[in-house]
């Protein structure tokens, strides 16, 4: 009788131990990364930008020039480095200085971006691939081909492991 009770107890324990991993814990992790919340312009410009900066991304500021399709979903472009300079004598209290430096950056094929069509921040759009962002940028530039328009399209580039992973357009008043 004791052997039958012990056998039944061990069998129930074994079944419980095997079933336990199947129930699992509720987690917001997928593999080794956290599952992201709903992607929005606000999320990309705040939480996501802060997170990749904490993860080691370097932040650069400038304009995009000379875009080249690499054929593998990535794009190489020349970034003309710029800098905000505080100057109270200017109408908005600052001006944008040219740092006289150019960088070649590679836009990751899964780079995320926030873009203002026509420079209008109230119409901000986000893109989840390099191809979609470059297509929107080129369409906007062809539609607004006024002299110097590209110089007013200023961006922050978050570079991690030699690839731009996030592009955020900077609104200028």
Checklist outcome for this item: Of the residues in the stretch 97-112, those that are out of contact with any helix residue (DSSP H, G or I) (no Cβ under 7 Å at 6 or more places or on another chain) and surrounded by fewer than 17 Cβ atoms within 10 Å (Cβ to Cβ) come to 97, 98, 99, 100, 101, 102, 103, 104, 110
Next on the checklist: For the stretch 39-68, which positions are closer than 14 Å to residue 126 by Cα, loosely packed, with under 13 Cβ neighbours inside 10 Å and touching a residue at least 12 places away in the same chain (Cβ under 8 Å)?
Outcome noted: 39
Checklist entry - Considering only the stretch 138-160, how many residues are free of Cβ contacts under 8 Å to residues at least 40 places away in the same chain, more than 21 Å from residue 96 (Cα to Cα) and touching a strand residue (DSSP E or B) at 6+ places or on another chain (Cβ under 9 Å)? => result 1
Next on the checklist: Out of 126, 94, 133, 115, I need the residue that is surrounded by 14 or more Cβ atoms within 10 Å (Cβ to Cβ), touching a strand residue (DSSP E or B) at 6+ places or on another chain (Cβ under 8 Å), over 12 Å from residue 63 (Cα atoms) and at pLDDT below 95. Which one?
Outcome noted: 94
Checklist outcome for this item: Residue hits (the stretch 141-173; over 20 Å from the mean Cα position of the chain (by Cα) and either in a loop (DSSP other than H, G, I, E, B) or surrounded by 12 or more Cβ atoms within 10 Å (Cβ to Cβ) (or both)) are 141, 144, 145, 146, 147, 148, 149, 150, 151, 152, 172, 173
Checklist entry - Which of (1) under 26 Å from residue 47 (Cβ atoms); (2) part of a loop (DSSP other than H, G, I, E, B); (3) more than 17 Å from the chain's Cα centre (by Cα) does residue 73 not meet, given it meets every other one? => result (3)
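The values are calculated or read from the model by the stated rules, or taken from the named source; none is laboratory data. Source: prediction; values computed, not measured. In this analysis, Cβ positions are derived from the backbone assuming ideal geometry, glycine residues included, and neighbour counts consider all displayed protein chains.
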